[in-house]
Amino acid sequence: MDLRYSGMARIRDIAVSFGIAVVAGSLLFPFAKDRFDDPGFAHLLAVWVGLSAPPALVAGLWRWGRRGRLDEEGATLTLSSRGPFLRLAWADVEEIYRVGAQGFELRGAGERLLFSDDYAGVRAAWDLLWRLR
């Protein structure tokens with residue numbers, strides 16, 4: 001069974017990252033404004049937003065490739081489209097935790113695989129988890 005990071009979670013991650021950067025910049029600019037030749041608060045805020053947007057987009061797009069897989073051998077979590085991935089065999093699973101309404105976390109062999117509610121198909125994976133385990 002394949003699990004994919006849902007589209008709404010991706011958009012939320014980008015919006016939250018961008019919002020945090022803008023709020024942090026808004027709080028810091030009144031202090032930094034006095035140190036410049038008074039180019040104006042709006043100009044400084046526009047520069048801050050312009051510089052914050054690319055890292056926020058990259059942070060959100062990094063999660064774009066997150067995928068999980070449950071099969072007969074174990075669970076795999078791919079953190080981005082190009083890697084890295086974490087693998088945990090069923091024999092190595094020591095603990096299973098419920099996370100959120102439908103998510104779960106697998107722990108064992110020094111690894112932690114978290115499949116939160118943000119993954120599409122996590123409810124069906126929860127049922128499959130108990131059959132495979």
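The values are calculated or read from the model by the stated rules, or taken from the named source; none is laboratory data. None of these values were measured; they are calculated from a predicted model. Cβ coordinates were reconstructed from backbone atoms using ideal geometry, including for glycine residues, and neighbour counts include every protein chain displayed. For the accessible areas, the whole protein counts, side chains as well, though only heavy atoms, and no ligand, DNA or RNA atoms are used. Shrake-Rupley method; radii C 1.70, N 1.55, O 1.52, S 1.80 Å.
To the nearest 10, the accessible area of VAL49 is 40 Å² with a 1.4 Å probe.
DSSP loop (so not H, G, I, E, B), at most 11 other Cβ within 10 Å: list which trypsin sites (Lys or Arg not before Pro) in segment 78-114 pass both filters. List each step's numbers first, then the result.
Working: sites: ARG82, ARG87, ARG98, ARG107, ARG112; in loops: ARG82.
Filter output for segment 78-114: ARG82.
The GluC sites (Glu not before Pro) of segment 80-133 that DSSP puts in a loop, and whose beta carbon has at most 11 other beta carbons within 10 Å, are GLU94. Of ILE96, ILE20, the residue with the largest accessible area leads and the full order is ILE20, ILE96 (1.4 Å probe).
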